[in-house]
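Single-structure report; data block below.
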Amino acid sequence: MSGAVSVTTETPKVAWFRDPRIRSLVFQAVTLLIVLLVGWYLVDNTIDNMRRQNIASGLGFLNDRAGFDIIQSLVPYTSDSSFGQAFVVGLLNTLLVAIIGIFFATLVGFVVGVARLSSNWLIAKMAAAYVETFRNIPLLLQIFFWYHAVLKPLPGPRDSISLLGVVYLNNRGLYLPSPEPFGGFYIVLGLFAAGIAATLWLLRRERKRQEATGERKPVLWTGLGLIFGVPVLAYFVIMLAVGNPLNFDVPALTGFNFTGGVTIIPELFSLVIALSVYTAAFIAENVRSGIQAVSHGQTEAAYALGFRPNLTMRLIIIPQALRVIIPPMTSQYLNLTKNSSLAVAIAYPDLVAVFMGTTLNQTGQAVEVVAITMGVYLLLSLGTAGLMNWYNARVALVER
Amino acid sequence: MAMDDVVTPRYAPGQHPALPAPASTVGVVGWLRANLFSTGPDTSLTLVPFGVAFLAAAWFGGVSIMGSIVIGILIAVGVRIVARVAFGNPVIDNTVLTIVGAIIIFLIADVLLNFTIFDAVWSASGRADCAKSPDGACWGFVTARFSQFMYGFYPDAERWRVDVTGIFAIALIVPILFGQGRIRAYAVGLFLLAFPIVGFILMYGGLGLEIVPTNKWGGMMLTLVIAMTGITASLPLGVLLALGRRSDMPAIRNLCIVFIEFWRGVPLITVLFMASVMFPLFLPEGVTFNQLLRALIGVALFSAAYMAEVVRGGLQAIPKGQYEAASAMGLSYWKSMRLIVLPQALTIVIPGIVNSFIALFKDTTLVLIIGLFDFLGTIQTGLNDNAWAAPNVPMTGYVFAALVYWAFCFGMSRYSVRLERKLNTGRQH
């Protein structure tokens, strides 16, 4: 090019097919075209195949009679209910196992994660052994283990393992006493809730007062009194005046099986154990790395101020570590929820087992059923991801 | 006032002689507090042995009250001396923890050793032999079915072909893991390009070898086939997706985001169900897909999405200057990625990649839900066999499976730790 001497503001002449903008546009257009073509091909084939195999389409099947029973249901359900109701039952069962599992996994995970950093050699090694053992064994195998090797070989109802005569464990499940509140108990519950609210209000008032004057009265005993003292007092008053407001329905052996109380079916029980134990190993690692992310100077400063190790952990390290721990922990919660779909392998009636399993088999409407099931999990995942982004933005603001 | 006036000015700052220690820290009281009653657990470690010894002596031993107190003190001091010798400083919280830990370990070891070794049945020909020692493992079940656990229903006469493939695989994987420079590069090339073809022909058949349909494949062999296919397919796919997600082109970026987030948002089991019920609908009439291939595609797409996120982490960790320097050198996009960015990015995320491999390996067990007989699947089938219906057999089967899976996964994670140390990519304090 001859303009080398004078050109300063003019863009250099480039052949149009070498212009990065044009190339990028063309590349994107071609890619989109290919994706659309492939998508169209697949959809076309699917429609074709469905027509040929006489597979119905649409969501009408959700109102049809399901015709199968479900062994555990949180809402009323019979085999006369619709597929739509079966879907709700499955979804609730998935959420149930996820929530219980998350609770225990967090509990165990925190204990093990903190124990891994213990200065006590034996405790630290035990926690490490826990993590390395359960993290490296497939979850499905662990579920099978608890279900087929531990719970199923238990003795039958007549030879149940009994704990204090109120809790029973046998090959049909875990039988717990269930609370049966009478009218007066709701007053106690109401007082309990009011106590929590009052304590929160007190805490807020004291925090404001501290910000304004630098002084603060401890709320602990007042709060405990409000939350537990008042309801307990009310409980006894009601008991003396009217009669015991809370009875327990204790399971009892009648004939060949137990009646009364709450039954936790072995499928749910083994699923919860396996999910909690497995996920706890991962949460423990998150907790450990979160604590290690807090600089050692914080610990030393706390010791220099005279804090004991456990107080240092509770007041100085954990609050700072939580910021690091919570995002990966949420994704572990999500993993636990997704992993609960392995329930299908031991026939616990979760969303996948009830909907993608039985409903799909009975209706044959693969496309709709697969899309709905995957959609539910996607919504859960994206919802959690959104929450996490919101949380991250919030703690990022707190950070100086 | 007068006293103050006299005392205060006598010392320059910092020159005041040390005051006597507080009364509670010296003498008998101080010693007791420091050594016997320093914390709650500490106090109980003193009082519990004392109480137990005292009660035992007074109630059951018929010793007088004074004699029992003396015995109690002696026992308590003895426990403390043992604790001091065993654990050094009287950090008694720690002592209690150690004792509790030791008891737990003892209980676990007791159960495990009795089950796996002392009470175990080592050779058995059926459930009758296993039932002889119901509290121990029945290893006879494992030895009797071992070949099925390894090869599934692969015909006996052709199993040498699987062995040969396995030897090839080991011969290539060892240099990949532990080799250096050119040898390693050749091994990687052979493993990615030649090995899949040779392995497929050896195991499936063709070129004069008898065809063994994939529904006869099973056991550890099938697990390894799925894991290795998943690994070799997901890594390149994951790299492409990660590059796409970091691309400047909105269409490409969004396509990749949707793809990645979709697979990451759903459980693998729904992917496998989808693969087994919907893939056949996707294809034109007459074209069929075999069950194994469907599972392989599902597993590969699923793990590619996770791999993409790992690789993206590495790409984000490369300073922008590296990208800019590469384009300043006049390298094209692909060249700058291949020569400058990816080698650095992939090195950083090797631990993450190995973790994905471990997850993938564990996830292969899910194929048994859609009717393939992987390692866990063959064991599960064995447990349903009436000839082995003894109470200790399920536990035996699962413990064996757990040991095998654990050995694989733990081996991989140790390798990743070793590599991380060698490359020094981990956290440095």
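Determine Rg/Rh for region B:128-282; Rg is computed over alpha-carbon atoms and Rh is the Kirkwood hydrodynamic estimate from the same atoms.
Here Rg/Rh amounts to 1.08.
Just to confirm, what accessible area per residue do you get for region A:178-249 at 1.4 Å probe, in whole Å²?
Spelled out: the 1.4 Å probe surface of region A:178-249, per residue, equals 72 Å².
Of the options A:219, A:254, A:195, report the single residue whose Cα projects farthest towards the positive end of the charge dipole of region A:195-280 (beta-carbon charges: Lys, Arg +1; Asp, Glu -1).
A:219
Have a look at region A:178-249 and give its Rg and Dmax from the Cα atoms, expressed in angstrom.
Gyration radius and largest Cα-Cα distance of region A:178-249: 16.0, 53 Å.
Using amide H atoms built in the peptide plane, which far-off residues or other-chain residues are under 5 Å from residue A:82 H to H?
Hits under the 5 Å cutoff: A:66.
Can you give the translational diffusion coefficient of region A:282-323 in µm²/s, computed by Stokes-Einstein from the Kirkwood radius over Cα pairs at 4 °C and 1.567 mPa s?
125
Can you give the FRET efficiency to the nearest 0.05 for residue A:393 and residue A:320, using r as the Cβ-Cβ distance and R₀ = 22 Å?
According to the calculation, E is roughly 0.75.
Computed over the Cα atoms of region B:243-352, what is the convex hull's projected area averaged over all directions, in nm²?
Result: a mean projected hull area of 8.8 nm².
Over all residues in B:281-288, what is the mean tally of Cβ atoms on other chains that come within 10 Å of each residue's Cβ? The partial results should precede the final answer.
Working: counts 12, 8, 5, 5, 4, 0, 1, 0.
Mean number of neighbouring Cβ atoms from other chains: 4.
At 1.4 Å probe size, with the rest of the protein present, what percent of the exposed accessible area of the protein assembly as shown is carbon and sulfur atoms?
It is 68 percent, rounded to a whole number.
Starting from the 7 Å offset along Cα-to-Cβ, what nm value, one decimal, do you get for the label separation of residue B:171 and residue B:384?
3.9
What is the average number of partner chain Cβ atoms found within 10 Å of a Cβ in B:391-398?
Values: counts 2, 2, 2, 8, 5, 1, 5, 10.
Other-chain Cβ atoms within 10 Å of each residue's Cβ, averaged: 4.
Please identify, among B:107, B:368, B:74, the residue showing maximal mean-square fluctuation in a Gaussian network model of chain B using a 10 angstrom Cα cutoff.
Highest fluctuation among the options: B:74.
Give me log10 I(q)/I(0) at q = 0.12, 0.18, 0.19, 0.23 Å⁻¹ for region B:141-228, Debye formula, one equal scatterer per alpha-carbon, no solvent.
Once normalised to I(0) and log-transformed, intensities are -0.41, -0.81, -0.87, -1.11.
Below 25 Å, Cα to Cα, which lysines can residue B:335 reach? Residues fewer than 8 away in the same chain don't count.
By straight Cα distance, residue B:335 reaches A:13, B:320.
Quickly rank A:335-343, A:83-91, A:380-388, A:260-268 as a protection proxy: mean count of other C-beta atoms within 10 Å, highest first.
Values: A:335-343: 24.6, A:83-91: 21.1, A:380-388: 14.9, A:260-268: 19.0.
Going by the mean number of other Cβ atoms within 10 Å, highest first, we get A:335-343, A:83-91, A:260-268, A:380-388.
Using C-alpha positions alone, give me the convex hull volume of chain B per residue in cubic angstrom. Intermediate results must be reported in sequence, preceding the final value.
On the way: hull volume 138.4 nm³, N = 429.
Convex hull volume per residue, Cα atoms: 323 Å³.
Using the Karplus curve 6.51 cos²θ - 1.76 cosθ + 1.60 with θ = phi - 60°, work out ³J(HN,Hα) for each residue of region A:197-203 in order, rounded to whole Hz, and write x for Gly and Pro.
4, 4, 5, 4, 5, 4, 4
Taking K and R as +1 and D and E as -1, what net charge do the other residues with C-beta under 12 Å from the C-beta of residue A:373 add up to?
-1
Can you compute the charge dipole magnitude of region B:226-365 about its Cα centre, using +1 on each Lys and Arg Cβ and -1 on each Asp and Glu Cβ, nothing else charged? Give it in debye, rounded to the nearest 20.
240
Using the Karplus equation 6.51 cos²θ - 1.76 cosθ + 1.60 (θ = phi - 60°), what ³J(HN,Hα) coupling, rounded to whole Hz, does each residue of region A:296-309 give in order, writing x for Gly and Pro?
5, x, 4, 4, 5, 4, 5, 4, 5, 7, x, 6, 7, x
Given region A:159-218 reduced to its alpha-carbon atoms as identical point scatterers, what log10 I(q)/I(0) does the Debye formula return at q = 0.20, 0.23, 0.26 Å⁻¹?
-0.81, -0.89, -0.97
Between the alpha-carbon centers of region A:208-233 and region B:347-372, tell me the distance in whole angstrom.
51
Under 12 Å from the Cβ of residue B:316, count the other residues' Cβ atoms, weight Lys and Arg +1, Asp and Glu -1, and hand me the total.
It works out to a net charge of +3.
Given A:127, A:315, A:341, which one lies farthest toward the positive end of the charge dipole of the protein assembly as shown, if we put +1 on the Cβ of every Lys and Arg and -1 on the Cβ of every Asp and Glu?
Ranked along the dipole, the leading option is A:315.
Taking only protein heavy atoms and a 1.4 Å probe, what accessible area per residue, in Å², does chain B have with all protein chains in place?
53
Can you pull the mean other chain C-beta count within 10 Å for peptide B:269-278?
The mean count of partner-chain Cβ atoms within 10 Å per residue comes to 6.
Could you run the numbers on buried accessible area between B and A, total for both chains, 1.4 angstrom probe, in Å² to the nearest 100?
The summed interface area works out to 4500 Å².
Cβ neighbours within 10 Å, averaged per peptide: list A:36-42, B:354-360 in order, most packed at the top. Please report the intermediate quantities before stating the final value.
On the way: A:36-42: 11.3, B:354-360: 20.0.
Most protected by this proxy first, the peptides run B:354-360, A:36-42.
Whole-Hz Karplus ³J(HN,Hα) for region A:35-49, in order, using 6.51 cos²θ - 1.76 cosθ + 1.60 and θ = phi - 60°, x for Gly and Pro?
Once θ is set to phi - 60°, the couplings for region A:35-49 become 4, 4, 4, 4, x, 5, 4, 5, 4, 4, 4, 4, 4, 4, 4 Hz.
Counting only helical runs of four or more DSSP H residues, what would the 222 nm mean residue ellipticity of the protein assembly as shown come to if each run contributes -39,500 (n - 2.57) and the total is spread over all its residues?
Taking each H run of at least 4 residues, the total per residue is -21000 deg cm²/dmol.
Jot down the per residue volume, in cubic angstrom and as a whole number, of the convex hull over the alpha-carbon atoms of chain A.
Once divided by residue count, the hull of chain A is 304 Å³.
Would you mind checking which residues have amide H under 5 Å from residue A:247's amide H? H placed 1.01 Å from N; only 5 or more apart, or other chain.
Placed amide hydrogens put A:180, A:182 under 5 Å from residue A:247.
Taking Cα centroids, how far is region A:313-343 from region B:192-246 in Å?
35
Hey, how many Å between the Cα centroid of region A:63-116 and the Cα centroid of region A:252-275?
Here the two parts' Cα centres lie 15 Å apart.
Taking 0.36 nm per residue of separation and subtracting the Cα-Cα distance, what length does fully extending residue B:29 through residue B:262 add?
Working: separation 233, 0.36 × 233 = 83.88 nm, distance 6.88 nm.
Residue separation times 0.36 nm, minus the Cα-Cα distance, leaves 77.0 nm.
Once you put a point 7 Å from the Cα of residue A:198 and another 7 Å from the Cα of residue B:201, both along the Cβ direction, what distance in nm separates them?
The modelled label-to-label distance comes out at 8.5 nm.
How high is the relative contact order of chain B, in percent, with contacts defined as C-alpha pairs under 8 Å that are six or more residues apart?
Numbers: 433 pairs, mean separation 65.7, N = 429.
RCO, chain B: 15 percent.
Only Lys, Arg, Asp and Glu count, each charged at its Cβ (+1, +1, -1, -1), so figure out the dipole size of region A:169-239 about its Cα centre, rounded to 20 debye.
So the dipole magnitude of region A:169-239 works out to roughly 300 debye.
Using only C-alpha positions, report the orientation-averaged shadow area of the convex hull of the protein assembly as shown, nm², one decimal.
59.1
Quick check: pseudo-label points 7 Å beyond the Cα along Cα→Cβ at residue B:421 and residue A:133, how many nm apart are they?
Reported label-point gap for residue B:421 and residue A:133 is 2.4 nm.
Run the dipole for the protein assembly as shown about the Cα centre, Lys and Arg Cβ at +1, Asp and Glu Cβ at -1, nothing else charged, and hand back the magnitude in debye, nearest 20. Write out the running numbers ahead of the final one.
Details: 54 positive and 41 negative charges, 449 e Å.
Here the size comes out at about 2160 debye.
Reported to two decimal places, what Rg/Rh ratio describes region A:319-400 when computed on Cα atoms with Rh from the Kirkwood expression?
Values: Rg = 17.2 Å, Rh = 14.7 Å.
Value, to two decimals: 1.17.
Hey, how much of the P(r) for region B:212-423 falls beyond 31 Å, as a percent of Cα pairs?
32
Would you tally the net charge around residue A:199, using a Cβ to Cβ cut-off of less than 14 Å, leaving residue A:199 out, and scoring K and R as +1, D and E as -1?
Working: positive: A:204, A:205, A:207, A:217; negative: A:206.
Combined, the nearby Lys, Arg, Asp and Glu give +3.
The values are calculated or read from the model by the stated rules, or taken from the named source; none is laboratory data. Owing to the predicted nature of the structure, the values given are computational and were not obtained by experimental measurement. Counting neighbours? That spans all protein chains shown, and the Cβs are built from the backbone with ideal geometry, glycine included. For accessibility, only protein heavy atoms count, side chains too; no ligands or nucleic acids. Shrake-Rupley method; radii C 1.70, N 1.55, O 1.52, S 1.80 Å.
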